[in-house]
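Step one of this worksheet: look at the structure below.
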Amino acid sequence: MNIDFTQEQLVAFYRSTSADGRKAVKEALGEKFSEILPATERVKTYEDAVNELGEDNPIVVAASTASWRFPEAVNKDLVAYMKMRVIVAALNDGWEPQFVPGEQRWYPWYELISKEDYEAMSEDEKQERRCVGRSNFDAYAYGGLVFSGAHYASSVSSASGGSRLAFKSEELAEYSGKQFAELFADFCFIPKSDEKE
C-alpha cells in the first residue's frame, strides 16, 4: 500500500517524528531524499539540526556540553559558535570543506546598519534586505563570520573569516544567515552589560 504525502506534509512529519521515523523516511526516499526534502526545509531550528546529526554526533555532544559548561554571558559567543557548527553540518548534508585550490565555499555576509537606519526603512525595504553568502580568494580562516572591510579610501573591499562555518552553496549560506541571524549575532557581538559604567 502506498501513502501519498504532499511535500508540506512530508516535511512536517519528518521534522516532528522520532529518529527511527526520520531514518525510515531517508531509506524510503533513497537518493532522492535531499531533493525531495532539502536541508532548508528540514533544518529550521537548532533542535532540527541536532535531530539531523543525532545526539551522539561529536559536534552535537560538544555543543550540548558547551551550553552547561559555559553559562556565563561572557561566553555567549562560544556557545553560539558551537551551535552554529551543528547547524552548518546539518545543512551541508555531509559535505565538508577540504580547503583545496579551486574549491568554492560560501558564508553568510552581513552589512551592519544602525538601528536608526533600519527603523527609517519602509516595510518593503526591510523585506528586501537580504543576506548574501559568498566568498572569494580574499576569504581567510580567521573566525566564524564573513565581514566587509574597506581599504584604500573605500575603493577596495574584501571578505575574511568563517572557514569552519562554510557552506557548500550560496543558497545555504543565505538561508542560514537569515534563519539563524540571532545566533550569528550572539557569536559576533559582545553581550550588552547590565552594569552601568
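Quick note: the coordinates plus some simple rules give every number you see, no bench work behind them. Nothing here was measured: the structure is a model prediction, and the numbers come from that model. All Cβ positions, glycine included, derive from the backbone under ideal geometry; neighbour counts span all protein chains shown.
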Loop trypsin sites (Lys or Arg not before Pro), the stretch 1-66 (other Cβ atoms within 10 Å of the site Cβ: 15 or fewer; DSSP) = LYS44
So for the stretch 51-110, using the alpha carbon gyration tensor with a ≥ b ≥ c as root eigenvalues (a/c under 1.5 gives rounded; past that, a/b versus b/c decides prolate or oblate), I'd call it oblate
Spacing of the two label points (7 Å from each Cα toward its C-beta) at TRP95 and LYS115, in nm | 3.8
